[in-house]
Amino acid sequence: MKHRSIALALTLAVVLASAGACFAADAAAPPQATGAAQTTSKSTSPGKSQTAVKAKAPASTKLVDINNANSKQLKKLPGVSDAEAAKIIAGRPYSSKAQLVARNIIDGAVYENLKQLIVAKQPYKDGAKNAAIYAKPK
C-alpha cells in the first residue's frame, strides 16, 4: 500500500507540474486580436493552445551533429566563430552536447543559445563500443 501511494503521489506531481507549465505558457502568450483571427484559431485546433503549436516549429529544423559537422555548418550556428568551430572539431568525439561547456570549448551563454540546435550523435548502437571511444587513454 505504501508503494502504491508513493507512485500515486509522484504521478500527481508530474501531472500538476505539466499543467502548471501549460498555464504559465498560456499566461506568457500575447493576447490575440479580436475578430476573425480569434474565431479561426478556436475552430482549427480546439483544445490546443497556439503556444503548443509554436513549440513544435523549432523541432522541424535540422539539428547540427557536433561529432560530424564541418566548419561551415558549425559557423552557421549563432555565436560560433571560426576559432570556436575549430575548437569543436579538434575536441571530437563528444558523448553529449553538454561536453562543449564541460571541456571549455564554448562559453555557457553561447551553449544556452545552441543547445536546442545541436546534437551529439553516437557512432554505434552498442553502448560498450561508444564508451571505448570516450575512455581516457592510459
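The table that follows gives values for the structure above.
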| item | result |
| --- | --- |
| Amide hydrogen neighbours beyond the local backbone of Asp65, cut-off 5 Å, H modeled | Val119 |
| Listed pairs Lys76/Lys125; Lys76/Lys97; Lys62/Lys125; Lys62/Lys87; Lys72/Lys115; Lys75/Lys129 exceeding 26 Å between Cα atoms | Lys76/Lys125; Lys75/Lys129 |
| Computed over the range 61-117: relative contact order in percent, which uses C-alpha pairs under 8 Å that are six or more apart | 37 percent |
| Inter-probe distance in nm under a simple model that places probes 7 Å from Cα toward Cβ, at Lys72 and Ile89 | 1.2 nm |
| Of the chymotrypsin sites (Phe, Trp or Tyr not before Pro) in the range 92-131, those whose Cβ has at most 12 other Cβ within 10 Å and which sit in DSSP loop | Tyr124 |
| Calculated FRET efficiency for the pair Ser81/Ala135, C-beta based, R₀ 30 Å, to 0.05 | 0.45 |
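Rule-based calculations on the coordinates, nothing more; no lab input. Values in this document were obtained by computation on a predicted structure and should not be read as measured data. Here the Cβ is made from the backbone with ideal geometry for all residues, glycine too, and neighbour counts use every protein chain on show.
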